[in-house]
Amino acid sequence: HFKENPFFTNTVLSKTYALKAPPSGELVDGVYESMLRFNPDKDISISSSKISWRNDKVNLCKKFPAPKALSGEQDELMDSGSFFNFFELDDDESDDNEDLEDDEDDDDSIDEDSDADEIDLERPAKRPKRG
């Protein structure tokens, strides 16, 4: 929820992802046949709030548009433009579905990370003593 502000008049912004059709087909071990053929581009509908900008001078999406990804830049940290682009983009252009499909090819690679590098979020790390 947003308080009154100099940028837009909306009090709430939302983005909704919904299945176009319920799961169908044979149910085996808790998985429907249609789930095995799931394609987010075809099986999900996306709707979002239209932002009512007060004027173009304060329209953060126009001032800081979402950049178009260039080939070879996927591994680099990119400026994503304004946070509000998430709501303004009609289809989910900010989504990384293509990256997820590319990652499936990497499943055969050996995981070089060791467990020692992992952080236990349930138990805070001990701080070294000062002195």
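The 1.4 Å probe gives accessible areas that order Glu26, Glu88, Glu4, largest first, as Glu4, Glu26, Glu88. Pairs over the 27 Å Cα-Cα cut-off, from the set Lys20/Lys62; Lys3/Lys42; Lys3/Lys63; Lys20/Lys63: Lys20/Lys62; Lys3/Lys42; Lys20/Lys63. Taking the Cβ of Leu13 as the center, what net charge do the other residues with Cβ under 12 Å away carry, scoring Lys and Arg +1 and Asp and Glu -1? Net charge in that neighbourhood comes out at +1. With a Förster radius of 30 Å applied to the C-beta separation of Thr16 and Asp79, the computed FRET efficiency comes to 0.70.
The values are calculated or read from the model by the stated rules, or taken from the named source; none is laboratory data. Nothing here was measured: the structure is a model prediction, and the numbers come from that model. Note that each Cβ is placed from the backbone with ideal geometry, even for glycine, and that neighbours are counted across all protein chains shown. For the accessible areas, the whole protein counts, side chains as well, though only heavy atoms, and no ligand, DNA or RNA atoms are used. Shrake-Rupley method; radii C 1.70, N 1.55, O 1.52, S 1.80 Å.
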